[in-house]
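Working notes, beginning with the structure itself.
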């Protein structure tokens with residue numbers, strides 16, 4: 001997948017030991033080509049979050065592009081004492097919310113899940129690429145409210161700690177854990193229900 005913002009062939013030479021913070025400092029100093037290296041390091045992480053959040057490859061790609069457009073636009077506001085992954089995924093999270101509101105006119109994020117399932121008709125390849133278990137999990141994710149789905153997916157990203165997530169959501173570590181526990185319980189309920197229904201349908205088809 002090519003960078004939507006920069007020509008990766010013109011990237012500056014980057015030493016492997018340069019941190020994300022050092023690259024962002026260079027971007028702030030006008031070395032915009034360094035965003036190409038940042039994209040190469042992080043676009044898969046961001047895309048995996050967005051495609052699982054939306055259940056739609058095209059939506060995920062559109063949001064990925066907008067995430068890095070905004071990362072470049074807001075680079076001057078980045079602070080070196082911040083954790084880069086948290087900063088970038090916060091942008092991706094905001095992009096997903098803004099995209100939904102602007103494209104559909106809805107302001108109820110909980111409605112996104114069911115409509116995203118309907119959107120799969122325009123992108124049948126994504127679910128077909130998944131294993132049976134992964135497909136059931138993806139469909140279950142799309143049925144829980146968007147805020148819960150988002151939190152579950154972010155919590156699965158190893159680069160983000162509970163403290164990072166609590167900072168992202170503006171709450172205490174304890175409150176974040178409670179939110180996450182409830183989200184996981186709701187997902188488990190939906191997954192188990194859908195799995196039981198799928199087993200029932202399979203038995204009926206064999207009869």
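The values are calculated or read from the model by the stated rules, or taken from the named source; none is laboratory data. Keep in mind it's a predicted model, so treat the numbers as computed, not measured. So basically every Cβ, Gly included, is an ideal-geometry build from the backbone, and we count neighbours across all protein chains shown.
Numerical summary
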item	result
Among residues of the range 92-107, those that are at pLDDT below 90 and surrounded by 22 or more Cβ atoms within 10 Å (Cβ to Cβ), counted	1
Filter result (within 30 Å of residue 130 (Cα to Cα), in contact (Cβ under 8 Å) with a residue 60 or more places away in the chain and surrounded by fewer than 22 Cβ atoms within 10 Å (Cβ to Cβ)) within the range 18-55	45, 51, 52
Output for the range 60-72, where each listed residue is surrounded by fewer than 22 Cβ atoms within 10 Å (Cβ to Cβ) and touching a residue at least 40 places away in the same chain (Cβ under 8 Å)	61, 65, 69, 72
